[in-house]
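A short worksheet on the structure shown next.
All of the numbers you see were taken from the coordinates with simple rules; none came from a lab. Computed from a predicted model, the values in this text were never measured in an experiment. Every residue, glycine among them, receives a Cβ derived from its backbone with ideal geometry; neighbour counts consider all protein chains shown.
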């Protein structure tokens, strides 16, 4: 049943221009970053670099590409998540789902995975693009895997946030603005508390937990953080929809 | 008892302390069409939302074919097809795509989806619209798509909130025939403002006003109320009221306008005692110049107004039912 909702959401995102626009912009963006990264690598490496400062091509190019990946979270997630529930509220299509034999959990999870799978296209695209370096060099696939996993968890967490804000309002733009502001705060939380890294609030920063993945380190603590973060917002969304039924 | 498809028990819904629906109870048997009438804001849609599990009742319970909506919502919802007041259409899809999604979500097995979609389209007259975007369809066709999604999984209970709004007369006739057809096998609940429609398609009528059921009974009870025991007679040389009252069976008479007279007679159960023939004979004998005689029907609208706006009348009707 989750799968049926997921299919409907994917179909819907490909039936609207927004999905294609996001895919186009981000393939262009990451394509350019990749080219810049490759050029940059040759410029730096052809110059006089001390052996200790040399780094592999995967890391050199990867850092540049994955360094900008948070834009997916900041731009694509609010743009695509805003319509998930609030659009249905506005066009009064929620009764269609509520009166079908589905639980609220299935509806919410279906919508959530629909968005995450759509954005995974970009994650896979980036991973594939970096893997093409393997044609003329030895790519560190572990690095790409760790970054992809980190990015996937980051996207999942932020999608849950976007879905939650989408369930709060019947105005998609309001939902987009709210999730954008929240995500920007969550991403740069560690910058805000840069003077005081021990502050517990800094621990909430999404970027801090993404950091270890971006160096190629898969840390279970970070995975646990993202999983809990996602579950929290999905639960809030389910509760918000249940309130519709109870309070009307 | 097994063929009760809908059992609503003392349904109550509060909106911030105000009772939108209070203590509504009714049963529906398989093969019945129930009409839901009421002025705007009476609680028709709220009741329907509670029946379909879109809204949790503040008190009371709903059972669909014996399955409790609150305890087993999934199983109960699988037996229902619902068209809300606002058509829940995803306008970016084509008719086929949308109906396929509807069939899938209502657990139609994957092998039967194509057949179910074709069947629903055929029944709602949508065959030639398959590949059109719902967004580009006219209002009436969108309404048909809405009805199609409600019947696609051939549910036991079909609940339609004002199904004939926005349709042209021919479409309305088709949809009414369709409702009758569905009502033959399953149960249908529909709400409407169009009173003749209720008479045409429904077996049962419920009139709801200010959240309370003011009438619940068979359509024949309502019809009997409507036909009544009055005659409207036109004379060229109008006789006096006394002359008419002399005729056996006539209990009351009044002159309505210059040449018309309204006559009330005692009892309509025994047609032989009705004074129609005696009046005609008297008219011929006395050369009253009779040119028209017809039963004076209270329109359904009048009955409706009576029921919803006169509490006393409402109570007697409810008792009679």
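Using 5 Å bins from zero, what percent of all Cα-Cα pairs in the range B:4-219 falls into each bin?
Answer for the range B:4-219: a P(r) of 1, 7, 16, 20, 20, 16, 11, 6, 2, 0 percent.
By its C-alpha gyration tensor, with a ≥ b ≥ c as the square roots of the eigenvalues, how is the range A:121-227 shaped: rounded for a/c under 1.5, else prolate for a/b larger than b/c, else oblate?
Verdict is oblate for the range A:121-227.
Anyone know which of B:84, B:73, B:275 comes out most mobile in the 10 Å Cα GNM of chain B?
So, out of B:84, B:73, B:275, the one fluctuating most is B:275.
Could you line up B:285, A:111 from fewest to most neighbouring Cβ atoms inside 10 Å?
Neighbour counts put them in this order, fewest first: B:285, A:111.
Per residue Cα convex hull volume for the range B:229-295, in cubic angstrom?
70 Å³
With each pseudo-label sitting 7 Å past Cα toward Cβ, what's the residue A:16-residue A:32 distance in nm, one decimal?
Once both label points are built, they end up 2.6 nm from each other.
For the range A:165-248, what D do you get in µm² per second when you plug the Kirkwood radius from alpha-carbon pairs into Stokes-Einstein at 25 °C and 0.890 mPa s?
The diffusion coefficient I find is 167 µm²/s.
Mind telling me which of B:182, B:207, B:255 comes out most flexible in a GNM of chain B, alpha-carbon contacts under 10 Å?
It is B:255.
To the nearest 10 degrees, how steep is helix A:220-247 against the longest Cα principal axis of chain A, on a 0 to 90 scale?
Roughly 20 degrees between the two axes.
Computed over the Cα atoms, what is the radius of gyration of the range B:148-193 divided by 2.2 N^0.38 Å, N being its residue count?
Taking N as the residue count of the range B:148-193, the ratio is 1.09.
Out of all DSSP beta bridges with both ends in chain B, state the antiparallel percent to the nearest 5.
70 percent
Once the convex hull of the alpha carbons of the protein assembly as shown is built, what does its volume come to per residue, in cubic angstrom?
197 Å³
Specify whether the C-alpha gyration tensor of the range B:53-120 places it in the rounded, prolate or oblate class, a ≥ b ≥ c being the square roots of the eigenvalues: rounded for a/c under 1.5, otherwise prolate if a/b is larger than b/c and oblate if not.
oblate
For the Cα atoms of chain B, what angle does the longest principal axis make with the long axis of helix B:276-286, in degrees from 0 to 90, nearest 10?
In chain B, helix B:276-286 runs at an angle near 30 degrees to the longest axis.
For each of A:210, A:188, count neighbouring Cβ atoms within 10 Å of the residue's Cβ, then give the residues from fewest to most.
Ascending number of Cβ neighbours within 10 Å: A:188, A:210.
Tell me, what is the percent relative contact order of the range B:229-295, built from C-alpha pairs under 8 Å that lie six or more residues apart?
45 percent
Rounded to the nearest 500, what is the protein assembly as shown's calculated 222 nm mean residue ellipticity when only DSSP H runs of at least 4 contribute -39500 (n - 2.57) each, over all residues?
-17000 deg cm²/dmol
Considering the convex hull of the alpha carbon atoms of the range B:115-180, report its projected area averaged over all viewing directions, in nm², one decimal.
4.4 nm²
Expected output is a single nm value to one decimal: the length gained when fully extending between residue A:232 and residue A:43, i.e. 0.36 nm times separation in residues minus the C-alpha distance. What is it?
Extra length from residue A:232 to residue A:43 when fully extended: 63.5 nm.
What does DSSP give for the protein assembly as shown in terms of the percent of beta bridges that are antiparallel, rounded to the nearest 5?
Antiparallel bridges make up about 70 percent of those DSSP assigns within the protein assembly as shown.
With an 8 Å Cα cut-off and a minimum separation of 6 or more residues, compute the relative contact order for the range B:4-219 in percent.
Dividing the mean separation by the residue count of the range B:4-219 yields 29 percent.
Mind checking which of B:33, B:263, B:24 has the largest fluctuation in a GNM of chain B, springs on alpha carbons under 10 Å?
Fluctuation is largest for B:263.
Say R0 is 56 Å: what FRET efficiency, to the nearest 0.05, do residue A:128 and residue B:15 get from their beta-carbon distance?
Approximately 0.55, to the nearest 0.05.
Rounded to the nearest 0.05, what FRET efficiency is calculated for residue B:29 and residue B:75 with R0 set to 25 Å and r the Cβ-Cβ distance?
Computed FRET efficiency for residue B:29 and residue B:75: 0.80.
How many Å³ per residue does the convex hull of the Cα positions in the range B:125-227 occupy?
122 Å³
Starting from the Cα gyration tensor of the range A:2-247, take the square roots of the eigenvalues, sort them a ≥ b ≥ c, and report rounded, prolate or oblate (rounded when a/c is under 1.5, otherwise prolate if a/b is larger than b/c, else oblate).
prolate
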